[in-house]
Amino acid sequence: MQYLISRYTGFLSLLAILLALPLAWLPAMATTADDSNPTQKLREQRRAYTAALQAINSGDTSQFTRLRAPLDDYPLAIYLDYFQLAQQPGAVSPAAAAQFLQRSADTPLANRFLALYLREAGKAQRWPEFLQAMPGNRTAPT
């Protein structure tokens with residue numbers, strides 16, 4: 001019986017130490033500024049996203065650029081880029097189109113933008129740009 005009590009006491013001591021270790025790291029984790037409250041960060045990013053959408057709709061490109069810059073790690077940031085490029089697809093350079101298509105390749109926005117871009121390039125008879133953007137074309141955009 002004494003053997004079981006000593007084993008149980010040893011187990012409890014080990015368990016207490018293991019449970020206390022994460023608590024020792026809490027003060028260090030609480031001092032990180034940006035990631036201490038991910039919910040608050042997402043709220044702020046959501047507000048900036050909404051304001052950037054309003055800037056796109058009002059045509060205020062400088063305001064959009066200012067608001068878009070800190071949103072690179074926001075999950076919906078690629079949609080801002082799509083909406084901004086879709087406002088004037090005829091004014092998008094082949095390099096900017098290729099860059100967006102590469103960044104959005106794993107989203108539905110890539111095909112949406114490609115169709116829009118190709119339609120505009122075809123209407124304006126900008127055939128070199130049209131061919132550069134075609135899927136499977138290995139020519140680098142100019």
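Assorted remarks:
- Per-residue Karplus couplings for the stretch 43-52, computed as 6.51 cos²θ - 1.76 cosθ + 1.60 with θ equal to phi - 60°, are listed in order as 4, 5, 5, 5, 5, 5, 4, 4, 5, 5 Hz, Gly and Pro entered as x.
- With a cut-off of 12 Å between beta carbons, the residues surrounding Ile56 carry a summed charge of -1, where Lys and Arg count +1 and Asp and Glu -1.
- At R0 = 35 Å, FRET efficiency that the Cβ-Cβ distance of Arg119 and Ser62 yields, to 0.05: 0.80
Values quoted throughout were computed directly from the atomic coordinates according to the rules given, and no laboratory measurement underlies them. This is a predicted model, so every value here is computed, not measured. Glycine gets a Cβ as well: all are built from the backbone with ideal geometry, and neighbour counts include every protein chain shown.
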